[in-house]
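Trainee: Starting off with a structure, shown below.
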Amino acid sequence: MLSDLKIMLDVNNEKKEIQVESEINFSDNVYNLKLILNEGLILNKITDWNGNEVIYNEELNANALFIQSGKRVTLKIPEGTKSITMIYSGNISGWHNTITDNYIALNFYSAWYPIFEDYDMEIAKKVTVKNISDFTVVKGRKNKEDWEYESNDFDCNILAVKDWNSISLENFSPKLNIYFNNRQIEEVKELSKSFSNIISYFTGLLDVESNINGTFDIVIPSSDEGGYCREGLIVLGDLPSDRIDVDDFLAHECGHIWSTGADVNSWEDWLNETFAEVLSLSFIKKKYGVEAYKKRINDIREIAKKSPQIKSENGERPDGVHFKGTYLMHRLSEIFGEDTLIEIVKLFVRLQNKTTENLLREIKLKVGTKVSKFIEEKLTER
Ligand SMILES: [Zn+2]
C-alpha cells in the first residue's frame with residue numbers, strides 16, 4: 001500500500017517548465033508500481049530509500065481517460081524498500097493546465113505528479129512549491145519564500161495567481177474567495193451572490209448541511225473552456241456572456257459538491273453528471289421560471305438524441321453523459337413528479353457505495369419498482 005506523497009515542485013517561469021522531486025512512501029511492501037506521467041516530463045532519476053537506482057520502463061501514448069498526453073512508467077521495486085524518489089522535469093500539457101507569467105495551473109489532467117494505476121490516489125499529498133513567492137497559491141500557506149500545499153483528495157491542484165483581482169464574501173458560510181482576471185468586478189460580485197443563493201437552495205432542497213469546511217475558493221481563468229469542482233474549490237473556465245448561462249455553469253459545478261462519488265472513469269459517471277445537471281436545472285427553474293427551464297431541456301433533448309446509450313457496452317464512459325441522463329430524469333419527473341426526482345437525487349447523495357446498481361436497489365426499496373424499472377430500461381435506450 002502507498003501511504004503518502006511528498007513533492008518538491010520548482011516552477012521555472014522563464015522556461016515554462018517544472019522540476020519535480022516526488023517521494024512516494026509505502027506503508028507495506030510494494031513490488032510493482034505502474035503510474036502515468038505527462039509525456040513532456042523527462043525522467044532524470046528514480047532511486048530507492050538507500051539511494052540505489054530503480055529499474056523502470058516507459059511506454060508512450062498510454063492515454064488514460066482525462067489525461068491527454070500521458071506515458072506509463074512501470075517500476076520494479078527492490079525488496080524491503082519503503083520509499084522511492086522520482087526526479088523529473090519538463091513541460092506539461094492538458095486541460096486546465098498552464099504556466100504563464102501570471103497564472104499557473106497544474107492538476108490531475110496533466111499528470112504532473114505520478115497518477116498510480118493500481119492504487120487509490122486519495123492519499124496525503126504534501127507539496128512544497130519553490131520559485132513563485134510573488135504568486136498567491138490558492139489554498140496554500142506561505143512559508144518564507146516557499147508555498148506549502150496539502151491535499152487528500154485524488155487531485156493535487158496547484159493554482160497560483162499573480163496580480164489578479166480577488167473578492168471575498170466574509171459573512172457567509174462557507175467563507176468565499178473569488179480569484180479573477182480580465183473580468184468586471186460587478187460581474188464577479190453577481191457571481192458571488194449566485195453562489196450563496198445556489199448553496200442555500202441546494203442545502204435546503206437536499207436537506208443537507210452545507211458540508212463545506214473552511215474556505216471555498218472559486219478561480220476564474222479566462223483560458224480553457226468548461227470547469228471542474230474539487231473539495232472547497234471550483235474552477236470556471238471562460239464565462240458565458242448571459243447571466244443565466246453563468247448561473248447554469250456555476251450551479252452545475254456547485255451540484256458536484258454533492259453529486260460526486262461514482263467512478264468517473266467508467267459509464268457510472270453518468271450518475272455524477274446527471275444529478276449535478278438536475279440540481280442546476282432545478283435552480284434555473286426556480287430563479288428564471290419554467291420557460292427558461294423548458295428551453296434548456298429542449299437543447300438537452302437534441303443532444304441526448306444523438307448520444308449513445310448511457311450504459312455503454314464496454315463499460316467505458318460514453319460521450320454525452322451530461323445529456324442523456326439529464327433528459328431521462330426530465331422524463332421521469334414528467335411521469336412521476338418532481339418530488340420523486342428530488343427524492344432520487346437525495347438517495348444518490350446519501351448512497352454509500354455509489355454505483356447504478358446500488359442506486360436502483362435503493363430506489364426500488366424507497367420509491368418503488370415502477371420508478372427503478374423506468375430508469376433501468378432507459379439505460380440501454382439509444
Ligand atoms: Zn459536471
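Trainee: Tell me, rounded to the nearest percent, the portion of alpha carbon pairs in segment 194-318 spaced more than 25 Å apart.
Mentor: Cα-Cα pairs in segment 194-318 separated by more than 25 Å: 27 percent.
Trainee: Let me ask you something else. Specify, per residue and in Å³, the volume enclosed by the convex hull of the alpha carbon atoms belonging to the chain.
Mentor: Expressed per residue, the convex hull around the Cα atoms of the chain is 149 Å³.
Trainee: Also, quick follow-up: For the chain, take the longest principal axis of its alpha carbons; what is the angle in degrees between that and the long axis of helix 269-288, to the nearest 10 within 0 to 90?
Mentor: Helix 269-288 sits roughly 50 degrees off the main axis of the chain.
Trainee: Net charge near I335, counting Lys/Arg +1 and Asp/Glu -1 over other residues with Cβ under 15 Å of its Cβ?
Mentor: -3
Trainee: Any idea how far apart D163 and E316 come out in nm if each label point goes 7 Å out from Cα toward Cβ?
Mentor: 4.4
Trainee: Which length gain, in nm to one decimal place, applies between K294 and L43 when the Cα-Cα distance is subtracted from 0.36 nm times their residue separation? Each step should come with its number before you reach the end.
Mentor: Working: separation 251, 0.36 × 251 = 90.36 nm, distance 5.26 nm.
Contour length minus the Cα-Cα distance gives 85.1 nm.
Trainee: Using a 7 Å offset from the Cα along the Cα-to-Cβ direction at both N152 and K370, what is the distance between the two label points in nm, to one decimal?
Mentor: With each label placed 7 Å out from Cα toward Cβ, I get 4.4 nm.
Trainee: Looking at the chain as a GNM with Cα springs under 10 Å, which of I36, I67, I185 has the largest mean-square fluctuation?
Mentor: Checking each option, the largest mean-square fluctuation is seen for I185.
Trainee: Rounded to a whole number of µm²/s, how large is the Stokes-Einstein D of segment 269-378 at 37 °C and 0.692 mPa s, given Rh as the Kirkwood radius over C-alpha pairs?
Mentor: 231
Trainee: In a shell of Cβ-Cβ distance under 15 Å around I87, excluding I87 itself, what net charge do Lys and Arg (+1) and Asp and Glu (-1) give?
Mentor: -4
Trainee: Using only Cα atoms, tell me the angle between helix 356-366 and the longest principal axis of the chain; keep it within 0 to 90° and round to the nearest 10.
Mentor: So the inclination is approximately 40 degrees.
Trainee: Now for a different question. Obtain the nm distance between the two label points defined at D118 and K286 by a simple spin-label model: each point lies 7 Å from its Cα along the Cα-to-C-beta direction.
Mentor: Simple spin-label model gives 4.7 nm for this pair.
Trainee: Let me ask something else. From zero up to wherever the largest Cα-Cα distance of segment 165-258 sits, split into 5 Å bins and tell me the percent of pairs in each.
Mentor: Values per bin, smallest distances first: 3, 13, 28, 29, 18, 8, 2, 0.
Trainee: Let me ask something additional. How far, in nm, would the chain grow between D10 and E357 when pulled straight, counting 0.36 nm per residue and subtracting the alpha carbon separation?
Mentor: Answer, rounded to one decimal: 120.5 nm.
Trainee: Continuing with the same structure: Show me 322-333, 343-354 ranked by packing, highest mean number of other Cβ atoms within 10 Å first.
Mentor: Result, highest mean first: 322-333, 343-354.
Trainee: Grab the other residues whose beta carbon is less than 15 angstrom from that of E170, score K and R as +1, D and E as -1, and report the net.
Mentor: The answer is +2.
Trainee: Turning to a different aspect of this structure: First measure r as the distance between the Cβ atoms of M1 and N91, then evaluate 1/(1 + (r/R0)^6) with R0 = 35 Å and state the FRET efficiency to the nearest 0.05.
Mentor: Calculated value: 0.65.
Trainee: Moving on to the next point. What residue among G80, N52, G226 has its Cα farthest toward the positive end of the dipole of the chain, where the charges are +1 on Lys, Arg and -1 on Asp, Glu, each on the Cβ?
Mentor: Highest projection toward the positive end goes to G226.
Trainee: Related question: Would you mind checking the tilt of helix 290-306 against the longest principal axis of the Cα atoms of the chain, expressed as 0 to 90 degrees and rounded to 10?
Mentor: 60
Trainee: Can you bin segment 104-229 into rounded, prolate or oblate? Criterion: square roots of the alpha carbon gyration tensor eigenvalues sorted a ≥ b ≥ c, rounded for a/c under 1.5, prolate for a/b above b/c, oblate for the rest.
Mentor: Verdict is oblate for segment 104-229.
Only the coordinates and a few stated rules stand behind these numbers; no lab work does. Note that this is a predicted model, so its numbers are computed, not measured. When we count neighbours, we look across all protein chains shown, and the Cβ atoms used for this are built from the backbone with ideal geometry, even at glycine.
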